[in-house]
Amino acid sequence: MSERLRDVLAGADLVFAEDTRRTAKLLSHLVIRVGVVSLFSGNEQSRTQQLVDEVASGKTVALVSDAGMPTVSDPGASAVRAVREAGYPVTVIPGPSAATTALALSGFGGDRFVFEGFLPRRGIARTQRLDEIAAEQRAVVLFASPNRLPKDLQDLEARCGGAREVAVMRELTKLHEESWVGSLESAVEHWPEPVKGEVTLVLGPMESEQPSQEDAIASARRLVARGATVSDAAKMTSVETGVSRRTIYEALLGDQDSS
């Protein structure tokens, strides 16, 4: 925990917490005496106005969640919007983030990635989300319920293929942290039962298949047949496929010489 976070909690007049019992233990450990009010997904809408009223009265209010960042698959987004819309300042005290921690630990690269949160539990919404993830060419970060981890891995394997890489991270930044990286097929075998603790998955990007030289030339021939010049067809196809423009151009010229 950063000194800045300790100072902010110590200086708060009131703390809104996803789980008051956990937060009370944290504050006790830090020897901080401050009132704690619950704000979780079930009462966020009703408690948001109370939070705004406390800020409006001049109090410094802190908002914390159990094991992550408020608003990132955690409650708090409506409270942040309401306070900001009321004209009061909002700031964030950075702390551990399972999404970025897992991404770094996976080794899949973090230049481009998407965060999908929890998969829908069932139905067409789940099917559509899995199809979108299967076609994603960036790393995908997901949260998984410990009870639904086996089913999530099975469905990901079915949609994305068993060879796709996945990192399974459990209890990140905590005492019993565990990280595992392998194929989806191996993950299904390795995690057949529900687990304990918070789980984060990082799915490796779909490896796009590079068109073969023959496919690129065939595509360029179709462009020529539709009226494109040999030069333009070679250039456009090279950009789309990555195959050498010269190779395509020479093949098209060969077609003309043999005709």
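Taking the stated definitions as given, is Val34 out of contact with any Lys or Arg (no Cβ under 6 Å at 6 or more places or on another chain) and closer than 21 Å to Pro96 by Cα?
Numbers: out of contact with any Lys or Arg (no Cβ under 6 Å at 6 or more places or on another chain): yes; closer than 21 Å to Pro96 by Cα: no.
So Val34 does not fit the description; no.
Only one residue in Ser46, Ser28 is surrounded by fewer than 13 Cβ atoms within 10 Å (Cβ to Cβ) and over 23 Å from Pro89 (Cα atoms). Which one?
Working: Ser46 fails: over 23 Å from Pro89 (Cα atoms).
Every option except Ser28 fails the conditions.
Only one residue in Ala82, Ala12, Ala62 is farther than 21 Å from Thr173 by Cα, touching a residue at least 40 places away in the same chain (Cβ under 8 Å) and in contact with a helix residue (DSSP H, G or I) (Cβ under 7 Å, 6 or more places away or on another chain). Which one? I'd like the intermediate steps shown before the answer.
Values: Ala82 fails: touching a residue at least 40 places away in the same chain (Cβ under 8 Å); Ala12 fails: in contact with a helix residue (DSSP H, G or I) (Cβ under 7 Å, 6 or more places away or on another chain).
Answer to the check: Ala62.
Out of Thr229, Thr247, which single residue is at pLDDT 90 or above and outside the structural domain of Gly117 (by TED's automatic domain parsing)? Don't jump to the end; show me each part of the working.
Working: Thr247 fails: at pLDDT 90 or above.
From the options Thr229, Thr247, the qualifying one is Thr229.
Within the stretch 195-234, can you find the residues that are buried (at least 16 other Cβ atoms within 10 Å of the Cβ) and either touching a His at 6+ places or on another chain (Cβ under 6 Å) or of a type in the set (Ser, Thr, Tyr) (or both)?
Residues satisfying the conditions are Thr200, Ser219.
Among the residues of the stretch 1-58, count how many are more than 29 Å from the chain's Cα centre (by Cα), within 18 Å of Ala79 (Cα to Cα) and assigned to a helix (DSSP H, G or I).
Counting residues in the stretch 1-58 that are more than 29 Å from the chain's Cα centre (by Cα), within 18 Å of Ala79 (Cα to Cα) and assigned to a helix (DSSP H, G or I) gives 7.
The values are calculated or read from the model by the stated rules, or taken from the named source; none is laboratory data. Note that the coordinates shown come from a computational prediction; the quantities given were computed from them, not determined experimentally. Glycine also receives a Cβ, built like all others from the backbone with ideal geometry; neighbour counts cover every protein chain displayed.
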